[in-house]
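Have a look at the structure below before the remarks.
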Amino acid sequence: LRETLSKRGVRVITGLGKYFRHIDKNRNGVLSQADFKEALKVFHLEIPEGDFESLWLILDDTKSGKVDYGEFTRAVFGEMNEYRKAFVRKVSFAYMKLDFNKTGNVSMVDIRKCYCAK
């Protein structure tokens with residue numbers, strides 16, 4: 001799968017991410033094996049059944065019968081390097097500061113309270 005994805009690049013990965021979110025009807029961030037198989041077909045990433053079973057065992061490392069997009073991207077791209085991890089930690093810290101009510105959403109009003117563009 002990695003070889004197929006590398007040929008078509010980031011466009012396929014971002015498209016898969018959007019498609020995953022679209023078919024994730026209950027918004028829990030995970031897909032069933034059937035949904036994942038369908039997503040691969042939509043993006044013309046069909047692989048033999050035996051290979052798919054092996055891929056599923058790798059992706060579903062928690063053995064939950066479901067796979068989330070994070071597990072998928074880690075399997076395809078590997079773990080982030082230390083520079084990227086540090087950047088994500090900084091962004092996460094900044095976001096937590098802006099999300100006063102811990103709702104997962106930051107309004108423009110909240111941003112204005114913390115940031116002055118002058």
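Yes/no per residue for (1) surrounded by 11 or more Cβ atoms within 10 Å (Cβ to Cβ); (2) among the basic types (Lys, Arg):
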| site | (1), (2) |
| --- | --- |
| ASP68 | yes, no |
| PHE72 | yes, no |
| ARG84 | no, yes |
| ASN101 | no, no |
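Mind counting the residues in region 49-66 that are closer than 24 Å to ARG11 by Cβ and open to solvent by 40 Å² or more (accessible area, probe 1.4 Å)? The qualifying residues number 2.
Contact map, region 20-41: residues that are under 12 Å from TYR69 (Cβ atoms) paired with residues that are open to solvent by 60 Å² or more (accessible area, probe 1.4 Å) and modelled with pLDDT under 80, Cβ distance under 7 Å, separation 6+ or inter-chain. Pairs shown: PHE20/TYR69; GLY29/TYR69. Scanning region 26-50 for residues that are of a type in the set (Asp, Glu) and over 18 Å from the mean Cα position of the chain (by Cα) gives GLU46, GLU49.
Of everything in region 1-28 that's farther than 16 Å from ALA75 by Cα and either surrounded by 13 or more Cβ atoms within 10 Å (Cβ to Cβ) or not assigned by the TED database to the domain that holds GLY65 (or both), which residue is modelled with the lowest pLDDT? Please lay out each step first, then the result.
Going through region 1-28, the residues farther than 16 Å from ALA75 by Cα turn out to be 7-8, 11, 15, 18-19, 21-28.
After this cut, where a residue has to be either surrounded by 13 or more Cβ atoms within 10 Å (Cβ to Cβ) or not assigned by the TED database to the domain that holds GLY65 (or both) as well, the list is 8, 15, 19, 23-24.
Working: ARG8: 58, GLY15: 80, TYR19: 84, ILE23: 82, ASP24: 80.
If we take residues in region 1-28 being farther than 16 Å from ALA75 by Cα and either surrounded by 13 or more Cβ atoms within 10 Å (Cβ to Cβ) or not assigned by the TED database to the domain that holds GLY65 (or both), then ARG8 is modelled with the lowest pLDDT.
Residue count for region 42-53 satisfying the condition of being under 20 Å from SER64 (Cα atoms) and of a type outside the set (Asp, Glu): 2.
The values are calculated or read from the model by the stated rules, or taken from the named source; none is laboratory data. Keep in mind it's a predicted model, so treat the numbers as computed, not measured. Cβ: placed from backbone, ideal geometry, glycine included. Neighbour counts: every protein chain shown. All accessible areas refer to the heavy atoms of the entire protein, side chains included, with ligands and DNA or RNA removed. Shrake-Rupley method; radii C 1.70, N 1.55, O 1.52, S 1.80 Å.
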